[in-house]
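The values are calculated or read from the model by the stated rules, or taken from the named source; none is laboratory data. This one's a predicted model, so the numbers in the text were calculated from it and none came from an experiment. Cβ placement follows ideal geometry from the backbone for every residue including glycine, while neighbour counts extend to all protein chains displayed.
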Amino acid sequence: MTRWLDDDEQRTWRDFLAATQLVNEALDRQLQRDAGMPHTYYMILVALSEAPERSMRMSELATRAQSSQSRLSHAVARLEERGWVRRRRCDSDRRGNYAVLTPEGFAALAAAAPGHVEEVRRSLFDVLTPEQLGHLTEICATLRNTLEQ
């Protein structure tokens, strides 16, 4: 039997969808405007910048960027065209590839980061009270821990 959402649950669900979409759109607009890159590219550059030797297997990067392998491969190709990322073959697995952040890519990330952080603050943190932020932190951790299993 289907457990339909009641009116309060429906309102919460729709507000959640709208809020997450609006925050993501604000971040994407800011990065496109100020750094000439979509939020997806920024997330890839961040993941690589935090990885040992600024390098990560493509399959792991796809998971980290919450992307399909083919979508990630397309994005990495665009980042390669800009000189921000290069691919390197995996020595132990001929089918595997690594994405490696170049110095130019790290510089692009470093230049984009201050504006991005300010937009994150403006779009999310500045509009919440400390109590709301505590609740949001707890809610997000619960959702992530449940869904990542």
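Checking each residue in the stretch 48-102 for being among the small types (Gly, Ala, Ser), closer than 23 Å to Glu148 by Cα and in a loop (DSSP other than H, G, I, E, B) picks out Ala51, Ala65, Ser67, Ser68. Looking only at the stretch 99-139, filter to residues that are closer than 25 Å to Asp34 by Cα and acidic (Asp, Glu); which one of those is surrounded by the most Cβ atoms within 10 Å (Cβ to Cβ)? Here the residue is Glu119.
All conditions in (1) of a type outside the set (Gly, Ala, Ser); (2) under 22 Å from Arg144 (Cα atoms); (3) under 15 Å from the mean Cα position of the chain (by Cα) hold for Arg11, with the sole exception of (3). Any chance the stretch 119-133 includes a residue that's over 18 Å from the mean Cα position of the chain (by Cα), at pLDDT below 95, closer than 26 Å to Glu148 by Cβ and assigned to a loop (DSSP other than H, G, I, E, B)? No - not one qualifying residue is present in the stretch 119-133.
What's the number of the condition Ser70 fails, among (1) among the small types (Gly, Ala, Ser); (2) without any contact (Cβ under 8 Å) to a residue 12 or more places away in the chain; (3) surrounded by 15 or more Cβ atoms within 10 Å (Cβ to Cβ)? Ser70 satisfies every listed condition except (3).
Listed by first and then second residue, the pairs with beta-carbon distance under 7 Å, at least 6 apart or on different chains, first residue in the stretch 1-23 and on the phi < 0 side of the Ramachandran plot, second in a loop (DSSP other than H, G, I, E, B) and not basic (Lys, Arg), are Trp13/Leu5; Val23/Leu124. Report whether or not Thr2 is part of a helix (DSSP H, G or I), out of contact with any Cys (no Cβ under 6 Å at 6 or more places or on another chain), over 22 Å from Gly105 (Cβ atoms) and at pLDDT 95 or above. So Thr2 does not fit the description; no. One residue alone among Ala75, Ala26, Ala35 is over 24 Å from Cys140 (Cα atoms), under 16 Å from the mean Cα position of the chain (by Cα) and in contact (Cβ under 8 Å) with a residue 40 or more places away in the chain, and that residue is Ala35.
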